[in-house]
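Undergrad: Quick one: the structure is below, questions incoming.
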Amino acid sequence: MKELIFRVQTSNEHPHYVVTVCKAEKNLTVHCTCENGGPHTLCKHRLSILAGKAKWVISENVTDVEQVRSWVAWTDVGQAINKVTQAQKKIKEAEKDRDKALERLKAATEEADAAREALIQAMND
Ligand SMILES: [Zn+2]
């Protein structure tokens, strides 16, 4: 069994959380000491490390995140993590599309308001 332990930063009173990644053959287990780090939950720290991102890692073994990424590729966690990151990407794209649509909606509404005002003006001249 191989094991990697990362300290990750927090935004609260805790000094840090600890993410533990264990690999035994094709089985990968990942735990985090944060409030969402137990079974049946998914925290951003584990998700980030499994995706090969060192964003929250503050321990000196930060480059070991790459090792985790290669472990993940050979387990069922790999496909699942890909689906999650793809879905998150879709959310971000959809949010951008929404923001652009809202800008167009605002501009079109302003244009319609101005045109209505001009029509009212023209009818009363
Ligand atoms: Zn966590």
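Undergrad: Using the Kirkwood radius over Cα pairs, work out the Stokes-Einstein diffusion coefficient for the chain at 4 °C and 1.567 mPa s, in µm²/s as a whole number.
TA: Result for D is 73 µm²/s.
Undergrad: With a ≥ b ≥ c taken as the square roots of the eigenvalues of the C-alpha gyration tensor of the range 17-81, please select rounded if a/c is under 1.5 and otherwise prolate if a/b is larger than b/c or oblate if it is not?
TA: It comes out oblate by the Cα gyration axes.
Undergrad: Given R₀ = 41 Å, what would the calculated FRET efficiency be for Leu119 paired with Asp97, taking r from the Cβ atoms and rounding to 0.05?
TA: 0.80
Undergrad: Over the chain, calculate the relative contact order: mean separation of alpha carbon pairs under 8 Å at least 6 apart, over the residue count, as a percent.
TA: Over the chain, the number comes to 17 percent.
Undergrad: I want the local charge near Ala118. Using Cβ-Cβ distances under 13 Å, sum +1 for each Lys or Arg and -1 for each Asp or Glu among the other residues.
TA: Charge balance near Ala118 sits at -4.
Undergrad: Note down the relative contact order for the range 2-74 as a percent, whole number, built from C-alpha pairs under 8 angstrom at least six residues apart.
TA: Contact order relative to length: 27 percent.
Undergrad: How large is ³J(HN,Hα) for each residue in the range 110-122, as worked out from phi by the Karplus curve 6.51 cos²θ - 1.76 cosθ + 1.60 (θ = phi - 60°), to whole Hz, x for Gly and Pro?
TA: These are the phi-based 3J(HN,Hα) values: 5, 5, 5, 4, 5, 5, 5, 4, 5, 4, 4, 4, 5 Hz.
Undergrad: Explain nothing, just compute: Karplus ³J(HN,Hα) = 6.51 cos²θ - 1.76 cosθ + 1.60, θ = phi - 60°, for every residue of the range 11-22 in order, whole Hz, x for Gly and Pro.
TA: Going residue by residue, I get 10, 10, 6, 5, x, 6, 10, 10, 9, 10, 10, 10 Hz, with x marking Gly and Pro.
Undergrad: Could you pull out every residue, at least 5 positions away or on a different chain, whose amide H is within less than 5 Å of the one on Ile58? Hs are placed 1.01 Å off N in the peptide plane, and Pro or chain starts have none.
TA: Correct list: Arg7, Val8, Gln9.
Undergrad: Which FRET efficiency value, to the nearest 0.05, is calculated for Asn61 and Gln86 with the Förster distance at 25 angstrom and r the Cβ-Cβ distance?
TA: With a Förster radius of 25 Å, E is 0.35.
Undergrad: In addition: In nm, to one decimal, how far is the Leu105 label point from the Lys53 one, both placed 7 Å along Cα→Cβ?
TA: 2.7
Undergrad: Further, regarding this structure: With a point put 7 Å past each Cα toward its Cβ, work out how far Gln9 is from Asn36 in nm, to one decimal.
TA: 1.8
We did not get these values from a lab; they are worked out from the coordinates using the rules stated. Since the structure is predicted, the reported quantities are computational estimates derived from the model, not experimental observations. Virtual Cβ from ideal backbone geometry, glycine too; neighbours counted across all protein chains shown.
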